[in-house]
Amino acid sequence: MNPVFFFDLDDTLYERSEPFIRACKKMFSSRFTLDWKKVFEMRRYYGDQVFEASQDGSMTLEESYIFRTTRAFKEFGHDLSPEEALLFEKCFDECLSQISLEPGMEDVLQFLKNRSVPMAILTNGPGAHQRKKLSSLNMANWISEENWYISGEMNTTKPHPEIYAAAARGMHCEPQNSWIIGDSLTHDVYGAAACGWHTIWYSKNGASSFASSASSTSSAPDRIVSDPVRLLEVINKILGDRGRFSVSFL
């Protein structure tokens, strides 16, 4: 059976910090002089803390947005009101409508489409929010909307086994034929590997960050790539070899 490739969305198909930085500059450049990339990383840290709560309903999405944004800016000495935080989220949402694929990623998607290789999206996040981003990326040109698996619509999230099982059922594939491509060791690599999937870790820092990021008990990725060119090379080899690969620091 041919392999099926599941793509993560955020920080895999596009660079998530780019629209965030644009929103910060629009709203705050006249007030603050900050390293916006560091603010982004802090906001992601606090967002991860309340992600499960926002998904299971114990915290509203609005409350989670206020929490992650106000806490992030407070780390840099600036207090935002809840109203300001929500205004920023609205600005950020507008910037998300202007996102584009990571340079070179379209070549990967087109390569797979031309060869009729099955593809799907497997992403965490609210359904409407993630679908808006996927639509902005024109993802339906390569992956049918019926193959967009979004945690907010599935009552489970990565890295829980249920989401991988549901996605594999939807694509009519066995774990040994399933390949996930994603930036998160925890959500994409370790979660999928625990379910018997093959994994490609899409890391901008490449293999140099793996040793410091991974625990000794964690499953190593089958492949590590740092850009779409390397990803395309790896996919081409997978389609040619069909076998299980040992970790390769590409």
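Every number here is computed from the coordinates shown, using simple stated rules; none is lab data. Just so it is clear, the structure is predicted and the values come from calculations on it, not from any experiment. Ideal geometry is used to build each Cβ from the backbone, glycine not excepted, and the neighbour counts take in all protein chains shown.
With θ taken as phi - 60° and the Karplus curve 6.51 cos²θ - 1.76 cosθ + 1.60 applied, the whole-hertz 3J(HN,Hα) list for segment 178-190 is 9, 10, 10, 10, x, 8, 9, 4, 5, 7, 9, 7, 5 Hz, x standing for glycine and proline.
Close amide H contacts of residue 14 (hydrogens built in the peptide plane, cut-off under 5 Å, sequence separation of 5 or more or a different chain): 102. Compared with the dominant Cα axis of the chain, that is its longest principal axis, helix 82-96 is turned about 40°. In degrees, nearest 10, range 0 to 90: what is the angle between the Cα axis of helix 17-28 and the longest Cα principal axis of the chain? With rounding to tens, the tilt is 10 degrees.
Shape summary of segment 17-96, radius of gyration then Dmax from alpha carbon positions: 11.9, 37 Å.
Give me the log10 of I(q) over I(0) for the chain at q = 0.08 Å⁻¹, as the Debye formula computes it from C-alpha points; what are the numbers? Values, matching the q order: -0.31. Taking the longest Cα principal axis of the chain as reference, the axis of helix 61-74 is set at about 70 degrees.
Projecting the Cα atoms of 119, 45, 97 onto the charge dipole of the chain (Cβ charges, centred on the Cα centre) puts 119 farthest toward the positive pole.
If r is the Cβ-Cβ distance from residue 172 to residue 140 and R0 is 30 Å, what FRET efficiency results, to the nearest 0.05?
Working: r = 20 Å, r/R0 = 0.67.
With a Förster radius of 30 Å, E is 0.90.
Taking Cα centre as origin and charging only the Cβ of basic (Lys, Arg, +1) and acidic (Asp, Glu, -1) residues, the dipole magnitude of the chain rounds to 440 debye. Computed over segment 69-174, relative contact order equals 22 percent, with contacts defined as Cα pairs under 8 Å that lie 6+ residues apart. Mean-square fluctuations from a GNM of the chain, with a 10 angstrom spring cutoff on Cα atoms, peak among 43, 115, 223 at 115. Kirkwood analysis of the Cα pair distances in segment 117-170 returns a hydrodynamic radius of 11.3 Å.
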